[in-house]
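See below for the structure under consideration.
The values are calculated or read from the model by the stated rules, or taken from the named source; none is laboratory data. Treat the numbers as computed from the prediction; the structure is a model and nothing was measured. Cβ: placed from backbone, ideal geometry, glycine included. Neighbour counts: every protein chain shown.
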Amino acid sequence: MWGFPRETQRITFSVLSKDDLEAIHWATLDVLETTGVRIYSEKCLKTLEEAGCTINHEQHSVLIPSHLVEEALRKCNRTIRLCARDPKYDANLDDRHVYITSDGNGTETFDLDTGQRRPSKKDDIVKSAIISDALDAVHIYWPMVSSQDVPSHIRHLHDLEASLANTEKHVTFETTMHPKEAQYQIEMAATLVGGRKELRRRPLISSLHCTSAPLQMHGGCLEAALEFAKAGVPIMFMGMPQLGATGPVTLAGSMVVSNAEVLSCIVVTQLTYPGSSVVYSGSGAAFDMKALMRAGGGPEHALTCAAFGQLSRYYGIPSIVGGFVSTAKRPGAQASYEKLTSGFPAVFSGCDMIAGIGLVNDCTTLAFEELVIDAEIARIVFRLAQGIEVNDNTLALNVIRKVGPGGNFLAERHTLDYLKKEHFIPELSDRRSYESWLKDGAKDIVKRAREKAVAILHKHQPKPLEKEVQRELQDIISRANSDLAEH
Amino acid sequence: MKEELLKSLMDAVTGYDVDAAVKLAEEALRAGVDPVDAIQDGLAKGVRIVGDRFAAGEAFLTELMIAAEAMKQAMAVLEPAIPKRAKAAKRALGKILIGTVEGDIHDIGKSIVGTMLTVAGFEVVDLGVDVSVEKFINKTKEVEPDIIGMSALMTTTMVKMKDVIKILDADGLRKKVKVMVGGAPTSKEWAREIDADGHGGDAMEAVEVAKKLIEPS
């Protein structure tokens, strides 16, 4: 089965107790009933009004009674399959696997040839999709940057085209801000599987929609989500309050704000299309009061993301959270320690999807080197989570007896049989002797990672789309070019 | 039949199957295969393949060690059947005597180097650990190696290397035998200081150094 299997995970991590989870849930219901949220969509407000919510149309605000929230949570699809061009890459969000998702939609790229930072291009998506396709630790591809070298009104369609064409893994994205744009994206994905009916059965794409903290939701963004839900494409709602700025400074308080935003969107979705597939997401990164920046690589974000994973399990809904995130400006020491510390809690707490690898500067800048480094970090974390297996075979009494004092275990069958099961086998880390390292040019890890990225691009070639499918995707984009230009 | 057996011997080694290698060696003798061929064109060929895999980063040390162990155990079956004359003509890259110096019982680094040298085509005589100065000298006289390799893991024991070299010099043996040293506390500087001929920073380098030392100067 694709993904990191939780059945091999011995070490788990609970950030919150059951009582804590209930307290956050009750506090959220209180906010939704008494403070309410703003939803900038008349269509959605009308749906909520008909269901019994109190609406203030002038303020675009809504108070949502608890029973509607509880009902909506019960209606959510329990297990979600994120399908891939190649079915062996299908991701089952079934609470038994952890999937690593490349991080999405930066706006800057460290050019692989020049090393210089520059605005992102469509070719960056092509390259990062190919590398993600090759890396075993990347399970789901999220277009890592925006194609800023194409017109903005069809940019996200180009993003999707470059993604679908260059990886056979599932593609998720987060940029859709208009239902009409969603329709074109749905049409593109349907082209690959042979129609909309088949897309409902095998959703090759999923779409993440961010709320606007505190307690607001963009109308076009939510209506686009509904368009996807209508087509049977899994959607994800993510709250992103910044602790102390767009959410309370306390972790629990910002969790309540994020949760209220996400639950209000889930209510709208389940009232409109009952039983649709929604993936739960939340985050709570600190707002750094000196740097005036979001601190996605900080411990607060790591803790809240792991806690949101727990909360989603409490709700019985799959989760996607941030992890392996860093605010470091480029790959290096800070990036590595922030990526590790922000990634392992989400894995240990068993979140279904974890997004963050490959970008730096708080999810805004693509570094191909970082993608390769983060895949290695993720593999290390998986190994940590597996812990230590203790049984007759692993206690190894037979081989201990055979080797005895003063011998060695290198030439023993037991060593060969268990090596790959028990040991993390590095694919990037340099563990050679000082002499070998020196002889090989004394390269640091970033240089090694760049070489690996370049090597992958030279030799890895994902299965191309059929010629006819490629043509149809081009047709859809050119139709959208004239249609979407108007708004 | 002979070709098949040679290939099976090679496959047993590349498949890390010690028991199969031993059984096939016995079978080869029964079938009248020349034991020198069985070693050179069967076992050694297999070990070289695994050695190449290891050098390319495709195989693990444990695989290399098991392959070498398969060869060693199968050779124990084959060697007694080799006629004396052929034995003398047996082509090895060179003979090397290795051991961990007196007072030091660290075995693993020295053993890994031994395996690597075997894989590279050297005939390796391993004296084990805690090898006294006298034993190094006496064995040198007895087996007449091309190279002596000394290993130490501690700064307190590495000084013994110097003692061995001094006596080799005094006994006039240095003309016939080169000395190389290795182990965590040793360095190129240390090797120079004690007048050794070579130093290996790791097992791979040790093989390179050994190959250089036996090149006719």
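Looking at (1) away from chain A (no Cβ under 14 Å); (2) within 30 Å of residue B:57 (Cβ to Cβ), can you tell me which one residue B:158 breaks?
(2)
Residues in the range A:295-308: is at least one without any contact (Cβ under 8 Å) to a residue 60 or more places away in the chain, over 19 Å from residue A:105 (Cβ atoms), surrounded by fewer than 24 Cβ atoms within 10 Å (Cβ to Cβ) and among the charged types (D, E, K, R)?
Yes: one or more hits.
Of the residues A:329, A:339, only one is part of a helix (DSSP H, G or I) and either under 21 Å from residue A:365 (Cα atoms) or at pLDDT below 95 (or both); which?
Criteria check complete, one pass: A:339.
Can you name the number of the only condition in (1) touching a Lys or Arg at 6+ places or on another chain (Cβ under 6 Å); (2) assigned to a helix (DSSP H, G or I); (3) without any contact (Cβ under 8 Å) to a residue 40 or more places away in the chain that residue A:149 fails?
(2)
I'd like the residue in the range B:182-217 that is under 15 Å from residue B:101 (Cβ atoms) and away from chain A (no Cβ under 14 Å) and, out of all such residues, is surrounded by the fewest Cβ atoms within 10 Å (Cβ to Cβ).
B:194
Considering only the range A:375-395, I want to know if a residue exists there that is in a loop (DSSP other than H, G, I, E, B), over 29 Å from residue A:140 (Cα atoms), out of contact with any strand residue (DSSP E or B) (no Cβ under 8 Å at 6 or more places or on another chain) and within 13 Å of another protein chain (Cβ to nearest Cβ).
no
From A:402, A:420, which residue is within 13 Å of chain B (Cβ to nearest Cβ), within 22 Å of residue A:98 (Cα to Cα) and assigned to a helix (DSSP H, G or I)? Walk me through it before giving the result.
On the way: A:402 fails: within 22 Å of residue A:98 (Cα to Cα).
Only one candidate passes the filter, namely A:420.
What is the number of the single condition among (1) within 22 Å of residue B:111 (Cβ to Cβ); (2) surrounded by 14 or more Cβ atoms within 10 Å (Cβ to Cβ) that residue A:404 does not meet?
(2)
Pick out the one residue from B:24, B:43, B:5, B:61 that is within 27 Å of residue A:407 (Cα to Cα) and in contact with a Gly (Cβ under 9 Å, 6 or more places away or on another chain).
Values: B:43 fails: in contact with a Gly (Cβ under 9 Å, 6 or more places away or on another chain); B:5 fails: within 27 Å of residue A:407 (Cα to Cα); B:61 fails: in contact with a Gly (Cβ under 9 Å, 6 or more places away or on another chain).
Only one candidate qualifies: B:24.
Kindly indicate which of A:433, A:429, A:478 is on the phi < 0 side of the Ramachandran plot and away from chain B (no Cβ under 14 Å). I'd like the intermediate steps shown before the answer.
Details: A:433 fails: away from chain B (no Cβ under 14 Å); A:429 fails: away from chain B (no Cβ under 14 Å).
After applying the criteria, what remains is A:478.
How many residues does the range A:370-397 contain that are among the acidic types (Asp, Glu) and under 20 Å from the mean Cα position of the chain (by Cα)? So that I can check it myself, show each step before the final result.
Of all residues in the range A:370-397, those among the acidic types (Asp, Glu) come to A:370, A:374, A:376, A:389, A:392.
Now narrow it down to the ones that are under 20 Å from the mean Cα position of the chain (by Cα): A:370, A:374, A:376.
Summing the residues that are among the acidic types (Asp, Glu) and under 20 Å from the mean Cα position of the chain (by Cα) in the range A:370-397 gives 3.
Do the conditions hold for residue B:91, that is, is it among the basic types (Lys, Arg), farther than 25 Å from residue B:138 by Cβ and modelled with pLDDT of 90 or more? So that I can check it myself, show each step before the final result.
Values: among the basic types (Lys, Arg): yes; farther than 25 Å from residue B:138 by Cβ: yes; modelled with pLDDT of 90 or more: no.
Spelling it out, it is not the case that residue B:91 is among the basic types (Lys, Arg), farther than 25 Å from residue B:138 by Cβ and modelled with pLDDT of 90 or more.
How do the strands (runs of 3 or more DSSP E) wholly within the range A:213-302 filter down when requiring 3 or more residues that are acidic (Asp, Glu): which remain? Let's see the steps before the verdict.
Numbers: elements: A:235-239, A:278-282, A:285-288, A:293-295.
Per the criteria, no element qualifies.
Every residue in the range A:123-170 that is small (Gly, Ala, Ser) and either buried (at least 20 other Cβ atoms within 10 Å of the Cβ) or within 23 Å of residue A:353 (Cβ to Cβ) (or both), please. Outline the logic, then answer.
Looking only at the range A:123-170, we keep the residues that are small (Gly, Ala, Ser), and these are A:128-129, A:132, A:134, A:137, A:146-147, A:152, A:162-163, A:165.
Within the range A:123-170, A:128, A:129, A:132, A:134, A:137, A:146, A:147, A:162, A:163, A:165 qualify.
Of the residues that sit in the range A:180-196 and are of a type outside the set (A, V, I, L, M, F, W, C) and within 20 Å of residue A:478 (Cβ to Cβ), which one is nearest to the chain's Cα centre (by Cα)?
Filtering the range A:180-196 down to residues of a type outside the set (A, V, I, L, M, F, W, C) leaves A:180-181, A:183-185, A:187, A:191, A:194-196.
Checking which are within 20 Å of residue A:478 (Cβ to Cβ) leaves us with A:180-181, A:183-185, A:187, A:191.
On the way: A:180: 24, A:181: 21, A:183: 22, A:184: 23, A:185: 19, A:187: 23, A:191: 24 Å.
Going through the qualifying residues, I end up with A:185.
Using beta carbons and a limit of 9 Å, which pairs, at least six apart or on different chains, have the first residue in the range B:37-64 and within 14 Å of chain A (Cβ to nearest Cβ) and the second one part of a helix (DSSP H, G or I) and among the aromatic types (Phe, Trp, Tyr)?
From the range B:37-64, the pairs are B:60/B:54; B:61/B:54; B:63/B:54; B:64/B:54.
For a quick check of your reading of the model, give me the residue pairs whose first member lies in the range A:67-80 and is more than 14 Å from residue A:274 (Cβ to Cβ), whose second is of a type in the set (Gly, Ala, Ser), with beta-carbon atoms closer than 6 Å and at least 6 apart or on different chains.
Listed pairs, sorted by first residue: A:80/A:277.
Answer with yes or no whether residue A:442 is more than 30 Å from residue A:183 (Cβ to Cβ) and in a loop (DSSP other than H, G, I, E, B). Working first, answer last.
Working: more than 30 Å from residue A:183 (Cβ to Cβ): yes; in a loop (DSSP other than H, G, I, E, B): yes.
Judged against the criteria, residue A:442 is a match.
In this structure, does residue B:100 turn out to be in a helix (DSSP H, G or I), surrounded by 15 or more Cβ atoms within 10 Å (Cβ to Cβ) and of a type in the set (Ser, Thr, Tyr)?
Numbers: in a helix (DSSP H, G or I): no; surrounded by 15 or more Cβ atoms within 10 Å (Cβ to Cβ): yes; of a type in the set (Ser, Thr, Tyr): yes.
Here the answer is no, as residue B:100 does not meet what is asked.
Considering the range A:252-270 alone, what residues qualify as being surrounded by fewer than 19 Cβ atoms within 10 Å (Cβ to Cβ) and touching a residue at least 24 places away in the same chain (Cβ under 8 Å)? If you could, list the steps in order and put the result at the bottom.
Here is the first cut: in the range A:252-270, the ones surrounded by fewer than 19 Cβ atoms within 10 Å (Cβ to Cβ) are A:252-253.
A:252, the sole residue that qualifies.
Within the range A:460-469, is even one residue among the hydrophobic types (A, V, I, L, M, F, W, C), within 28 Å of residue A:130 (Cβ to Cβ) and within 14 Å of chain B (Cβ to nearest Cβ)? Full working, then the answer.
Here is the first cut: in the range A:460-469, the residues among the hydrophobic types (A, V, I, L, M, F, W, C) are A:465, A:469.
Keeping just the survivors that are within 28 Å of residue A:130 (Cβ to Cβ) gives A:465, A:469.
From the residues that got through so far, the ones that are within 14 Å of chain B (Cβ to nearest Cβ) too are none.
Scanning the range A:460-469, I find no residue that is among the hydrophobic types (A, V, I, L, M, F, W, C), within 28 Å of residue A:130 (Cβ to Cβ) and within 14 Å of chain B (Cβ to nearest Cβ), so the answer is no.
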